[in-house]
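The values are calculated or read from the model by the stated rules, or taken from the named source; none is laboratory data. Everything numeric in this text was worked out from a predicted model, so none of it was measured. All Cβ positions, even for glycine, are placed from backbone atoms using ideal geometry, and neighbour counts span all protein chains on display.
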Amino acid sequence: AQHFLARAKAHTPLGAYLAMNDDATLAQARAVDARIAAGDAPPLAGVPVAHKDVFVTTDFPTTAGSKMLAGYRSPFESTVTRKLAESGMVCLGKLNCDEFAMGSANETSAYGQAHNPWDTSRTPGGSSGGSAAAVAARLAPAATGTDTGGSIRQPSAFCNLTGIKPTYGRASRYGMIAYASSLDQAGPMARTAEDCALLLSAMCGPDPDRDSTSLDVPAEDFTRALNERLDGLRIGVPKEFFTGGLADDVRTAVDGALAELQKLGAQLVDISLPRTQLSIPVYYIISPAEASSNLSRFDGVRYGHRASHYTDLIDMYCKTRAEGFGDEVKRRIITGTYVLSHGYYDAYYLQAQKIRRMIADDLQRAFQQCDVIAGPVAPTVARGIGACCDDPLADYLADIYTLSASLAGLPAMSVPAGFGAGGMPVGLQLIGNYLQESRLLNVAHRLQ
Ligand code: GLN
């Protein structure tokens with residue numbers, strides 16, 4: 001822990017960490033030592049970890065990358081961070097992210113940019129950009145992330161890491177600051193599939209009293225199938241993931257990884273996910289709708305920021321929210337309230353929910369032909385910081401390959417697939433059927 005704290009401090013310009021508290025970290029380490037001395041060594045005894053700043057923690061402040069929560073200290077601990085601590089992990093601190101996890105480049109954080117360690121003029125991806133930057137620069141051996149529409153997979157791909165979003169409901173959302181509750185899932189980001197498997201085994205499990213959407217499926221040992229052979233495994237390659245905006249360098253790296261899987265005994269199967277394009281409008285209707293509701297709690301009364309000058313209650317709400325939220329968050333609250341409002345609900349929100357179901361059905365049909373789906377994570381390698389400033393839509397469109405699995409609640413991961421333009425990392429995305437995390441991790445591990 002001391003090694004990583006020192007490294008993190010030596011690399012503050014990378015912008016990966018938002019909060020550290022050496023006393024708390026070392027106290028956690030000593031508590032693990034005491035457990036070891038008492039003959040009760042937990043499985044991940046003493047392994048440091050850092051958390052995306054959307055998990056509430058009692059030892060560290062939690063901001064969700066927003067000015068709205070500046071200085072906020074939670075009175076309780078999120079289930080995911082608690083479970084990792086119970087498994088012996090020692091928390092190094094909190095990691096930068098897009099504001100309320102809304103973004104793809106860590107550019108919407110109110111606390112500055114996290115940089116990509118492979119080329120610091122580029123973004124590390126987002127929204128779990130600080131998590132990716134920290135692990136890639138070895139400022140933490142592993143980190144937590146959250147994925148609503150790709151925020152574990154895309155930054156993992158951009159920083160040459162392995163990251164997995166489990167099946168919706170595997171990990172408890174208790175204490176994870178909500179963006180879009182029907183999509184949000186926690187997961188690990190690390191150097192290898194094996195490390196991800198170790199963390200995921202510790203993170204998952206039912207939490208019925210605290211998250212009613214957590215699945216009633218017992219925690220699993222996700223390392224158990226890592227070494228299984230891939231002979232005869234059918235890997236579905238959706239044609240819609242290889243058209244349009246996919247850059248040549250990314251395609252070449254992904255094709256290389258697919259060829260590698262064939263050499264390992266897997267069989268490639270052509271499949272179709274015909275509604276892939278629709279995942280973008282569907283996601284950018286449903287997620288802002290849920291966000292507009294979730295973010296209504298930030299009213300200046302209960303948490304964090306409150307405007308200092310106001311005339312009455314309504315004025316206090318307005319000024320607090322105008323000052324506390326950044327542009328992207330405001331854009332999504334406005335979009336969300338619009339699509340939910342009377343007269344527009346049927347045309348937008350209801351329609352999006354119907355297509356969401358069709359996208360999930362398309363994926364189930366695909367899984368009749370294959371065991372795992374593979375393709376790119378993102379159409380390009382990490383872009384330069386600031387390159388999309390005036391055009392939020394450009395980043396929305398780049399979520400095309402990650403959104404389908406999110407909308408269907410399927411497990412999906414990113415595994416390093418080689419390098420593209422400028423020597424930047426490329427990720428291979430693997431999507432599994434419900435609860436098939438072990439199989440995804442197996443495929444990723446064999447590839448490594
Ligand atoms: N880029 C997507 C968005 O901006 C995904 C974010 C996420 O998964 N948290 O909403």
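Observations
- Among residues of segment 91-104 that are closer than 17 Å to Ser74 by Cβ and within 8 Å of the ligand (Cβ to nearest atom), those with a Cβ under 6 angstrom from a residue that is in a loop (DSSP other than H, G, I, E, B) and among the hydrophobic types (A, V, I, L, M, F, W, C), sequence gap 6+ or separate chain, pair up as Ala101/Val54.
- Close pairs from segment 420-448: first touching a residue at least 60 places away in the same chain (Cβ under 8 Å), partner assigned to a helix (DSSP H, G or I) and among the hydroxyl-bearing types (Ser, Thr, Tyr), Cβ under 7 Å, at least 6 apart: Gly427/Ser156
- Residues that are more than 25 Å from the chain's Cα centre (by Cα), modelled with pLDDT of 95 or more and among the small types (Gly, Ala, Ser) occur in segment 260-269; there is at least one.
- Of all the residues in segment 134-145, those that are at negative phi and more than 16 Å from the ligand (Cβ to nearest atom) number 8.
- Among residues of segment 426-448, those that are buried (at least 24 other Cβ atoms within 10 Å of the Cβ) and farther than 22 Å from Tyr168 by Cα, counted: 1
- Only one entry of Thr148, Thr162 meets the criterion of being closer than 21 Å to Tyr396 by Cα, touching a strand residue (DSSP E or B) at 6+ places or on another chain (Cβ under 8 Å) and either within 16 Å of the ligand (Cβ to nearest atom) or not acidic (Asp, Glu) (or both), and that entry is Thr148.
Conditions tested, residue by residue: (1) surrounded by 15 or more Cβ atoms within 10 Å (Cβ to Cβ); (2) over 19 Å from Ser104 (Cα atoms); (3) touching a residue at least 40 places away in the same chain (Cβ under 8 Å).
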residue: Pro288; (1), (2), (3): yes, no, yes
residue: Asn294; (1), (2), (3): yes, yes, yes
residue: Gly300; (1), (2), (3): yes, yes, no
residue: His305; (1), (2), (3): yes, yes, yes
residue: Ser308; (1), (2), (3): no, yes, no
residue: Met316; (1), (2), (3): yes, yes, no
residue: Lys319; (1), (2), (3): yes, yes, no
residue: Ala322; (1), (2), (3): no, yes, no
residue: Gly326; (1), (2), (3): yes, no, yes
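- Odd one out for Thr380 among (1) within 24 Å of Arg170 (Cα to Cα); (2) β-branched (Val, Ile, Thr); (3) surrounded by fewer than 20 Cβ atoms within 10 Å (Cβ to Cβ): (1)
- Some residue of segment 354-364 being within 14 Å of the ligand (Cβ to nearest atom) and acidic (Asp, Glu): no
- Filter pass, Leu183 being within 16 Å of the ligand (Cβ to nearest atom), in a loop (DSSP other than H, G, I, E, B), in contact (Cβ under 8 Å) with a residue 40 or more places away in the chain and not acidic (Asp, Glu): yes
- Qualifying residue in segment 69-79 (condition: within 16 Å of the ligand (Cβ to nearest atom) and either free of Cβ contacts under 8 Å to residues at least 40 places away in the same chain or among the β-branched types (Val, Ile, Thr) (or both)): no
- When the helices (runs of 4 or more DSSP H) confined to segment 242-325 are screened for residues that are farther than 26 Å from Arg73 by Cα and touching a Pro at 6+ places or on another chain (Cβ under 9 Å), those reaching at least 1 such residues are found at 248-263.
- One residue from Gly126, Gly163, Gly169 being in contact (Cβ under 8 Å) with a residue 40 or more places away in the chain and under 13 Å from the mean Cα position of the chain (by Cα): Gly163
- For beta carbons closer than 6 Å, sequence separation of 6+ or different chains, a first residue in segment 144-157 that is under 22 Å from Val90 (Cβ atoms) and a second that is within 6 Å of the ligand (Cβ to nearest atom) and outside any strand (DSSP E or B), the qualifying pairs are Thr146/Ala101.
- Flag for Ala197 being surrounded by 24 or more Cβ atoms within 10 Å (Cβ to Cβ), part of a helix (DSSP H, G or I) and out of contact with any Pro (no Cβ under 7 Å at 6 or more places or on another chain): yes
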